[in-house]
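Taking it in order: structure first as structure tokens, then the write-up.
The values are calculated or read from the model by the stated rules, or taken from the named source; none is laboratory data. Bear in mind that the values here come from a model prediction, so they are computed numbers and not experimental data. Here the Cβ positions follow ideal geometry from the backbone for every residue, glycine too, while neighbour counts run over all protein chains shown. Keep in mind that these areas ignore ligands, DNA and RNA; they rest on the heavy atoms of the full protein, side chains included. Shrake-Rupley method; radii C 1.70, N 1.55, O 1.52, S 1.80 Å.
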Amino acid sequence: DAWLKIVAYGFENVDDEEPVSEVEFYLVNGMNVVEDWQKWDLSALGKVAKIAFNITASEDQCGSYGLNCPAYFAYDDVAVRFEK
């Protein structure tokens, strides 16, 4: 039942502190573990000015000092669409 996921938060304005949308991507979900590059379509965030990321995990992945697994990820080939 263990899981580790990245949550992407979309913000309407660069200075906003509260997100208007969010989407999740599981790196670990039970026995399913992402081992290769994966596409993650963030278009469900809608029209946003800023995106922030957070990594969360199930309780069994956390110890006295926080996560027992790496809390980082890499991303590449980011495509951004701007309105004309």
Can you confirm whether segment 63-70 contains a residue that is surrounded by 13 or more Cβ atoms within 10 Å (Cβ to Cβ), more than 12 Å from the chain's Cα centre (by Cα) and not in a loop (DSSP other than H, G, I, E, B)? yes
Across segment 3-33, what is the total count of residues that are under 18 Å from residue 49 (Cα atoms) and among the β-branched types (Val, Ile, Thr)? 4
Residues of segment 14-43 that turn out to be open to solvent by less than 80 Å² (accessible area, probe 1.4 Å) and either modelled with pLDDT under 90 or part of a loop (DSSP other than H, G, I, E, B) (or both), as a count: 6
So, in segment 44-62, of the ones that are out of contact with any Gly (no Cβ under 8 Å at 6 or more places or on another chain) and either in contact (Cβ under 8 Å) with a residue 60 or more places away in the chain or assigned to a strand (DSSP E or B) (or both), which residue ends up farthest from residue 8 (Cα to Cα)? 62
